[in-house]
Amino acid sequence: PLLLKDVAGLVPGAYQGRGHGNAFLNDLNDADVLVHVVDASGALDRNGVAAEGTGDPVDDVTWVRYEIHRWVYNNVVAKWGSIYRNPEKLLDMFSGYHSSKVLVRAALRRAGIDPGLLGDPSTGVHTWKPEFVHRLVAHFLRQELALGGELCGRGGGRDGEQQ
């Protein structure tokens, strides 16, 4: 069985509490997959208001991915003390987003991290700077977010369709 949820209402700044904030983002937590459906026609602005020709599908993709990235990053950093004490907990942090440990290890490898060396005193989590955690989150989200386009009931859209 497949459960499809439309979780509308994400606004720029949600990871900082704007709009429905983290309550909205936490609704995503029980999803096995996220599909971001984009208005490819440019008929909606970034707040979802009909404003013919003012929307930018590339901007839409960028800010939504940014919001989700910051939400995941902030959740990981909030638990960093626990991860620092037990580096293997990092795998559990990401598997909390309905990802298998196999996918989490794959994201680690793509980010240039050997999953077997998370506790290594010279290269493990004890040495990571914030930008390293951002890189890991970016690689994790690359495999977790699918993208779909919609023309909002229009016969044809703007240049966004090609983008």
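A few points about this structure:
- Taken about its Cα centre, the chain carries a charge dipole of roughly 720 debye when the Cβ of each Lys and Arg holds +1 and the Cβ of each Asp and Glu holds -1.
- In a simple Cβ point-charge model (Lys, Arg +1; Asp, Glu -1; nothing else charged), region 41-83 has a dipole of about 400 debye relative to its Cα centre.
- The charge dipole of region 5-85, taken about the Cα centre with unit charges on the Cβ atoms of Lys, Arg (+1) and Asp, Glu (-1), comes to about 600 debye, rounded to the nearest 20.
- Evaluated at q = 0.11, 0.16, 0.18, 0.19 Å⁻¹, the base-10 log of the normalised Debye intensity for region 20-161, with identical point scatterers placed on the Cα atoms, takes the values -0.49, -0.86, -1.00, -1.07.
- Helical mean residue ellipticity (222 nm; -39500 (n - 2.57) per DSSP H run of 4+; nearest 500) of the chain: -12500 deg cm²/dmol
- Burial order of peptide ranges 101-107, 37-43 (average beta-carbon count within 10 Å, highest first): 37-43, 101-107
- Between E88 and N29, the FRET efficiency estimated from the beta carbon spacing at R0 = 30 angstrom works out to 0.90.
- Under the Karplus curve 6.51 cos²θ - 1.76 cosθ + 1.60, θ = phi - 60°, whole-Hz ³J(HN,Hα) for region 110-124, x wherever Gly or Pro sits: 5, 7, x, 10, 7, x, x, 10, 4, x, 4, x, 9, 10, x
- With Cα atoms, 0 to 90° folded angle of helix 130-144 axis to the chain main axis: 60 degrees
- Cα-projected label distance for T62 with H98, points at 7 Å along beta-carbon direction, nm: 2.9 nm
- Evaluating 6.51 cos²θ - 1.76 cosθ + 1.60 at θ = phi - 60° for every residue in region 74-90, the Karplus couplings come out as 4, 5, 5, 5, 4, 9, 4, x, 5, 5, 4, 6, 9, x, 5, 5, 4 Hz, glycine and proline recorded as x.
- Database remark: amide H of L34 closer than 5 angstrom to the amide H of A146 (H placed geometrically; neighbours at sequence offset of 5 or more, or on other chains; Pro and chain starts carry no H).
Bear in mind that the values in this text are calculations on the coordinates, not laboratory data. All of these numbers come straight from a predicted model, not from anything done at the bench. Positions of Cβ are generated from backbone atoms using ideal geometry, with glycine treated the same way; all protein chains shown enter the neighbour counts.
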